[in-house]
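Reading through the structure tokens given below for one structure.
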Amino acid sequence: MSISKSANTYNRQNWESADFPILCQTCLGENPYVRMLKEKYGRECKICERPFTVFRWCPGARMRYKKTEVCQTCSKLKNICQTCLFDLEYGLPTQVRDHALQLKDDIPKTDVNKEYYTQQAERQLTDNTTPAGKLGKSQAASDMLMKLARTTPYYKRNRPHICSFWVKGECKRGEECPYRHDMPTDPNDPLAKQNMKDRYYGMDDPVAEKIMRHAASMPKISPPEDRTITTLYIGGLADIVTESDLRDNFYQFGEIREIRMVQKQNCAFVTFTTRQSAEAAAEKSYNSVIIKGRRLRVMWGRGQGAGEDGSAASA
């Protein structure tokens, strides 16, 4: 649905104006002094097709310029980045998030219903009667999302596109070429056929399907045969993670007998009073514990005697 800038006043009232985009850390880049170009009503939203304010910027050195692709209303409804359309909280495609949280998408896809739905949603968001990103927020925690969530930015996604002249052997710029001198991926690879609308609505997204296949094949932690072991090894700690942080996180699984911190090796040992509590903590926390932005490593203790990495504890 194409709308010209000379449309009637009623349509222009529904156009979106914004002062700053809604972006994830990866798309924004690592430069804290990034400069942005702002174009009011520069393009149509790729989802609702309404004109909106477009922002364009370079996320870093040797990176390609990026721009916002969807309007802020569509972004808030899904709690996603305006550029990559990944979830802002977990850094994952919406298909993975909705599958893990068992959320049902009720956003219409026809032009007439979509326009009416977008207008009503924008009015509700302005009146603060509906929380932003309602579809993307859930009260129930998901172990799958905690295991797959990206805790650090992935700036490799901002790399320049591949130089088509280099692929044909005709690029004469050498190191000064702003594009990548890499061979393209197989055109039959599903990842080469990504669609923005499929990613937004969470349907047939090849990136999401690859992540879910990876989640299904992830290893699981098995409890030791020695039933007297009730200690878990927690690795990957830093100075910012304290004993109180560990106690607050693991107390939900049962009563804790002792927490022993080993600062030199950046690890700790959490001992529960019962084996049942320790098994529940190991199952729920394996590869899914994130405290103060750090993903912690959870393993079973080894009873008496310590390993080379310090991953053994006294039960």
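The values are calculated or read from the model by the stated rules, or taken from the named source; none is laboratory data. Nothing here was measured: the structure is a model prediction, and the numbers come from that model. For neighbour counting, all protein chains shown are included, and Cβ atoms are generated from backbone atoms with ideal geometry for every residue, glycine included. Heavy atoms of the whole protein, side chains included, go into the accessibility calculation; ligands, DNA and RNA do not. Shrake-Rupley method; radii C 1.70, N 1.55, O 1.52, S 1.80 Å.
For the stretch 46-72: of the residues being buried (at least 22 other Cβ atoms within 10 Å of the Cβ) and modelled with pLDDT under 90, which is farthest from Pro153 (Cα to Cα)?
Arg50
Output the qualifying pairs, or none if there are none: Cβ atoms under 8 angstrom, residues six or more apart or on different chains, first residue in the stretch 174-188 and farther than 19 Å from Arg157 by Cβ, second residue at pLDDT below 85.
Taking only residues 6 or more apart or on different chains, the pairs are Asp186/Ala192.
What about Val34, is it without any contact (Cβ under 8 Å) to a residue 60 or more places away in the chain, open to solvent by less than 50 Å² (accessible area, probe 1.4 Å) and closer than 15 Å to Trp15 by Cα?
Answer is no for this residue.
Quick check: is even one residue across the stretch 90-100 under 16 Å from the mean Cα position of the chain (by Cα), closer than 24 Å to Tyr155 by Cα and among the polar types (S, T, N, Q)?
The answer is yes, given that some residue of the stretch 90-100 is under 16 Å from the mean Cα position of the chain (by Cα), closer than 24 Å to Tyr155 by Cα and among the polar types (S, T, N, Q).
Can you tell me which condition Gln139 does not meet? The list is (1) open to solvent by 70 Å² or more (accessible area, probe 1.4 Å); (2) at pLDDT 70 or above; (3) farther than 25 Å from Ile47 by Cα, and all the others hold.
Failed condition: (2).
Run down Lys172, Lys156, Lys114, Lys134 and say which single residue is open to solvent by 30 Å² or more (accessible area, probe 1.4 Å) and modelled with pLDDT under 75.
Checking each option against the conditions leaves just Lys134.
Criterion first (open to solvent by 40 Å² or more (accessible area, probe 1.4 Å), in a loop (DSSP other than H, G, I, E, B) and not aliphatic (A, V, I, L, M)) does Arg247 satisfy it?
Judged against the criteria, Arg247 is not a match.
So which residues in the stretch 73-91 are open to solvent by 10 Å² or more (accessible area, probe 1.4 Å) and either without any contact (Cβ under 8 Å) to a residue 24 or more places away in the chain or of a type outside the set (Gly, Ala, Ser) (or both), if there are any at all?
Lys76, Leu77, Asn79, Thr83, Cys84, Phe86, Leu88, Glu89, Tyr90
A quick yes/no check of all residues on (1) over 30 Å from Arg294 (Cβ atoms); (2) assigned to a helix (DSSP H, G or I); (3) modelled with pLDDT of 90 or more; (4) not aliphatic (A, V, I, L, M):
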| position | (1), (2), (3), (4) |
| --- | --- |
| Thr185 | yes, no, no, yes |
| Asn188 | yes, no, no, yes |
| Asp204 | yes, no, no, yes |
| Ala208 | no, yes, no, no |
| Pro219 | no, no, no, yes |
| Arg227 | yes, no, no, yes |
| Ala238 | no, no, no, no |
| Ala268 | no, no, yes, no |
